[in-house]
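The values are calculated or read from the model by the stated rules, or taken from the named source; none is laboratory data. Because the structure is predicted, anything quoted here is derived from the model rather than measured. Ideal geometry is used to build each Cβ from the backbone, glycine not excepted, and the neighbour counts take in all protein chains shown.
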Amino acid sequence: MKLRIFLPLCVMCGLMLVACSRADETTNRASSTSSPVASSATPAAPATATLGDQIGVPECDDFIAAYDACVTGKVPEVARAQYKASIEQWRTGWKRLAENPQTKPTLAAACKQTMEQARASMKSFNCTF
């Protein structure tokens, strides 16, 4: 039983590491090529794009929505970009796992576990989810 859960979680962690490295590259390229006018409009664009990009697993979608609301409403502007990057990494990795019929059944448990960890770490911002 533990092996059934452990193996997909390891796969998910590996995918998240890959997604992390790709997100950094994409972010760096986008910020170096954008103009000052485009930079002021950039924060609104990812927020609307992420709302329509569902994973397809209710536990994951609910967690990401609650975490995003917490970050948007309670995290100071200076630190907000880091938390938003985490949201995108989770979304990308979980979406890939949801597309795979072998890993999708374990995804709900992984999202619940991530939510519990995030709940503890976000208490300092008075977030409840």
**Q.** Residue, farthest from Q117 (Cα to Cα), within segment 63-99, restricted to residues that are surrounded by 15 or more Cβ atoms within 10 Å (Cβ to Cβ) and out of contact with any helix residue (DSSP H, G or I) (no Cβ under 7 Å at 6 or more places or on another chain)
**A.** K95
Q. Can you pull out the residues in segment 100-129 that are surrounded by 11 or more Cβ atoms within 10 Å (Cβ to Cβ), of a type in the set (V, I, T) and under 17 Å from F63 (Cα atoms)?
A. T106, T114
Q | Selected residue (criterion: farthest from F125 (Cα to Cα)) from residues of segment 83-108 that are of a type in the set (V, I, T) and in a helix (DSSP H, G or I) | A | T106
Q: Mind telling me which of the residues A110, A47 ends up being within 14 Å of the chain's Cα centre (by Cα), modelled with pLDDT of 95 or more and at negative phi?
A: A110
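Going by what's in this entry, would I5 be described as aliphatic (A, V, I, L, M), part of a helix (DSSP H, G or I) and at pLDDT 95 or above?
no
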